[in-house]
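Chemist: Starting off with a structure, shown below.
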Amino acid sequence: MEKKSTWHEVHTSSLNYGQRLSDAVANGMGSWKFIIIQTAIVVIWMVVNIIGFLHHWDAYPFILLNLVFSTQAAYAAPIIMMSQNRQSARDRIQAEADYQTNIDAKEEIEALQVRLNDIEEQKLDKIITMLEEMRAEMKTKA
């Protein structure tokens, strides 16, 4: 029996390299690990430039650091937006798959209800037949 692919497997396999890369960047930049590492780098940058004995490559007010952050934000924002747009598409595909699953389940439940009603009618018909036979036997004995 052939295994049916899930919506997630189909979606993941359809992503190109750039889309997978932007999702990975967005996942990385949206993590605590990234925030902690970036904070450590900034603190080290500032400390080294404040107490640097020989050379201050970015003295207070840290204009180069500000430029680095601006550049990072300029590249990060569109990458994160692309990833969010794909997440919206994934959510829409998942909602459609869930809706189809609900429709299929509803149809199965309705079919089961029809079958149970048929079984109930058959049982009731059998009970009525048995009661009529018992009544006929009682009439013949009386």
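The values are calculated or read from the model by the stated rules, or taken from the named source; none is laboratory data. This is a predicted model, so every value here is computed, not measured. Virtual Cβ from ideal backbone geometry, glycine too; neighbours counted across all protein chains shown. Please note that ligands, DNA and RNA were not included when accessible areas were found on the heavy atoms of the full protein model with its side chains. Shrake-Rupley method; radii C 1.70, N 1.55, O 1.52, S 1.80 Å.
Conditions (1) open to solvent by less than 80 Å² (accessible area, probe 1.4 Å); (2) among the aliphatic types (A, V, I, L, M); (3) under 17 Å from Gly30 (Cα atoms), marked per residue:
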residue: His55; (1), (2), (3): no, no, no
residue: Asp58; (1), (2), (3): yes, no, no
residue: Leu67; (1), (2), (3): no, yes, no
residue: Met81; (1), (2), (3): no, yes, yes
residue: Tyr99; (1), (2), (3): no, no, no
residue: Ile103; (1), (2), (3): yes, yes, no
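Chemist: Also: List every residue pair whose Cβ atoms sit under 7 Å apart, with the two residues 6 or more apart in sequence or on different chains, where the first one lies in the range 16-27 and is more than 16 Å from Arg90 (Cβ to Cβ) and the second, anywhere, is at pLDDT 85 or above.
Modeler: Val25/Ile79
Chemist: While we're here: Which of (1) surrounded by fewer than 11 Cβ atoms within 10 Å (Cβ to Cβ); (2) of a type in the set (Val, Ile, Thr); (3) under 21 Å from the mean Cα position of the chain (by Cα) is the odd one out, the single condition Ile119 does not satisfy?
Modeler: (3)
Chemist: Within the range 122-142, can you find the residues that are assigned to a helix (DSSP H, G or I) and either open to solvent by less than 100 Å² (accessible area, probe 1.4 Å) or among the hydrophobic types (A, V, I, L, M, F, W, C) (or both)?
Modeler: Correct list: Leu124, Asp125, Ile127, Ile128, Thr129, Met130, Leu131, Met134, Ala136, Met138.
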